[in-house]
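Student: Handing you a structure now.
The values are calculated or read from the model by the stated rules, or taken from the named source; none is laboratory data. Remember, predicted model here, so these are calculated numbers, not experimental data. Cβ placement follows ideal geometry from the backbone for every residue including glycine, while neighbour counts extend to all protein chains displayed. Side chains are part of the model used for accessible areas, which takes the heavy atoms of the whole protein and leaves out ligands, DNA and RNA. Shrake-Rupley method; radii C 1.70, N 1.55, O 1.52, S 1.80 Å.
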Amino acid sequence: MRISVIGTGYVGTVSAACFAELGHSVICVDIDSSKIDQINAGIPPIYEDGLSELLEKHAGKRLSATSDYDFAVTNSDVSFICVGTPSDSDGNIDLGIVKAASASLGDALKNKKDYHVVVVKSTVVPETTEKVVLPIIEEHSGKKVGDFGIAMNPEFLREGKAIYDFMNPDKIVVGSLDESSGGIVASLYSGLDCAVTRTNPRTAEMIKYVNNSFLATKISFSNEIGNICKKLGIDTYEVMSAVGNDFRIGPHFLNAGAGFGGSCFPKDVKALIGKAREIGYEPELLSSVIAVNEKQPSMMVALLKNKLGSLKGKKIAVLGLAFKNDTDDIRESRSVPVIKELLDNNAEISAYDPMANENMARIFKNIEYHDSAAGALHGAEACLIMTEWDEFKTLGKEFTVMKNRLVIDGRHMLASRDDIEYVGLCW
Ligand code: UGA
């Protein structure tokens, strides 16, 4: 099948590369010409494990990029909207980019004679496909739904594992208003070993939010239990490892610590809260999920102050800047509020992340960045572990260069150790 993918961020580029790998012809569309040039040269505009190999394999053959919507729509049968859905200043979803992409697609559809299916893959709150995207496309194309198809197909890709997740899905959800456009979208995944859940667009949209909100809830629940356990002198990891053996609960996403970051969980839970309020429902549990998550980074600084007293002029090492391991992404990283609070307390910060130093340096210019943990730890009066990088599990002799070997661990990276003064966040 011939596919066009609008937006070359994480979801768009990964989906485009994987659809090409599945044998489809793919045209990426973006308004950013530097990204187009990169993709056409087989270079990923973002870092994602395995993406560079796929782009190198398919660019110039089954995969190309353009800024020309007319060309992309004319030369494809299905268009995926994969643009960003950021939060507005109140935490509600900002659909500005989705609306602009829908308008451009509608304009391009005006002169197309063949049937074309528009698929929303961007994470959008329930009713968006039917009440926002569809009317814009109808207005701009001068056509009515039925002349073209509309569907919603959420993604469940983890950053860092996105290619693996695309090629090995545990669910594929396709929401459509009619049988035939849903069937066309489902058929694009026929090379994958996974049943397709067929439903309507608003249910598909909701499935995405519920998936992310439930995972975020598991984390905040684990953090709350961890905070209680810590006060009782109980190891929450021992508790959760037993609790996770219950098949109804499962062992995943029960790791207490500094909380969840990234471009999805905080934004999606807040967007669902916003949608619920818009329709007159106050979502108390979801609000608590966010409240607990916002408390965790501050608790790390409180533990630090408990040990060191005033932080003024003290050198504090921050290990881990990315929002999780194996990515350079710092969006909503828990290290951001921690660094802000440390700076508010006039601490001096020396930071290290295997991949994210450069990105963090765009936000915090007045802290030291190092290319190794040992570099950041040198002369530090304490260290905070913020990201679950594997290499932090084996830190040992690096701590000997600290002025004071105090380690506050926000990710359960180091078991209780006697060569350092070890303080776990929730254990
Ligand atoms: C998440 C979902 O896992 C994907 O299924 C979804 O497609 C994606 O959002 C999205 O909506 O696009 P991602 O944001 O890449 O993926 O990150 P996760 O691996 O889910 O981790 C999120 C955060 O939770 C990280 O900051 C991580 O450190 C934290 N976390 C995770 C915990 O604090 N405890 C845990 O037990 C697990």
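Student: With the checklist (1) outside any strand (DSSP E or B); (2) under 11 Å from Met386 (Cβ atoms); (3) open to solvent by less than 10 Å² (accessible area, probe 1.4 Å) in hand, flag the one item Val336 doesn't pass.
Tutor: All conditions pass for Val336, except number (3).
Student: Look at Ile172 and say whether it is among the hydrophobic types (A, V, I, L, M, F, W, C), more than 16 Å from the ligand (Cβ to nearest atom) and open to solvent by less than 50 Å² (accessible area, probe 1.4 Å).
Tutor: No.
Student: Continuing with this model, one more query. Just for strands (runs of 3 or more DSSP E) wholly inside region 1-89: which have at least 2 residues that are among the β-branched types (Val, Ile, Thr)?
Tutor: 2-6, 25-29, 78-81
Student: State which residue is nearest to the ligand (Cβ to nearest atom) when the search covers only region 332-342 and only residues that are within 18 Å of Lys365 (Cβ to Cβ) and not hydrophobic (A, V, I, L, M, F, W, C). Step through it out loud before you land on a result.
Tutor: Quick first cut of region 332-342, residues within 18 Å of Lys365 (Cβ to Cβ) only: 333, 335-342.
Subset that is not hydrophobic (A, V, I, L, M, F, W, C): 333, 335, 337, 340-341.
Working: Ser333: 7, Ser335: 10, Pro337: 13, Lys340: 17, Glu341: 18 Å.
Step by step, filter region 332-342, then rank; the result is Ser333.
Student: Of the residues Asn345, Asn293, Asn359, Asn325, which single one is open to solvent by less than 50 Å² (accessible area, probe 1.4 Å), more than 15 Å from Gly410 (Cα to Cα) and either within 16 Å of the ligand (Cβ to nearest atom) or modelled with pLDDT under 95 (or both)? Talk me through it step by step, then tell me what you get.
Tutor: Numbers: Asn345 fails: either within 16 Å of the ligand (Cβ to nearest atom) or modelled with pLDDT under 95 (or both); Asn293 fails: more than 15 Å from Gly410 (Cα to Cα); Asn325 fails: more than 15 Å from Gly410 (Cα to Cα).
So the residue among Asn345, Asn293, Asn359, Asn325 that is open to solvent by less than 50 Å² (accessible area, probe 1.4 Å), more than 15 Å from Gly410 (Cα to Cα) and either within 16 Å of the ligand (Cβ to nearest atom) or modelled with pLDDT under 95 (or both) is Asn359.
Student: State which residue is farthest from Leu177 (Cα to Cα) when the search covers only region 139-153 and only residues that are open to solvent by 10 Å² or more (accessible area, probe 1.4 Å) and in contact with a helix residue (DSSP H, G or I) (Cβ under 7 Å, 6 or more places away or on another chain).
Tutor: Initial filter on region 139-153 (open to solvent by 10 Å² or more (accessible area, probe 1.4 Å)): 139-140, 142-147.
Okay, now just the ones that are also in contact with a helix residue (DSSP H, G or I) (Cβ under 7 Å, 6 or more places away or on another chain), so 139-140, 143-145.
Values: Glu139: 18, His140: 20, Lys143: 16, Lys144: 13, Val145: 9 Å.
So, considering only residues that are open to solvent by 10 Å² or more (accessible area, probe 1.4 Å) and in contact with a helix residue (DSSP H, G or I) (Cβ under 7 Å, 6 or more places away or on another chain), the one farthest from Leu177 (Cα to Cα) is His140.
Student: Grab the helices (runs of 4 or more DSSP H) fully contained in region 183-281, keeping just those with 3 or more residues being more than 10 Å from the ligand (Cβ to nearest atom) and open to solvent by 70 Å² or more (accessible area, probe 1.4 Å).
Tutor: Fully inside region 183-281 and qualifying: 201-232.
Student: What number goes with the only condition from (1) aromatic (Phe, Trp, Tyr); (2) open to solvent by less than 30 Å² (accessible area, probe 1.4 Å); (3) in contact with a Gly (Cβ under 8 Å, 6 or more places away or on another chain) that Tyr164 does not pass?
Tutor: Result: Tyr164 passes all but (2).
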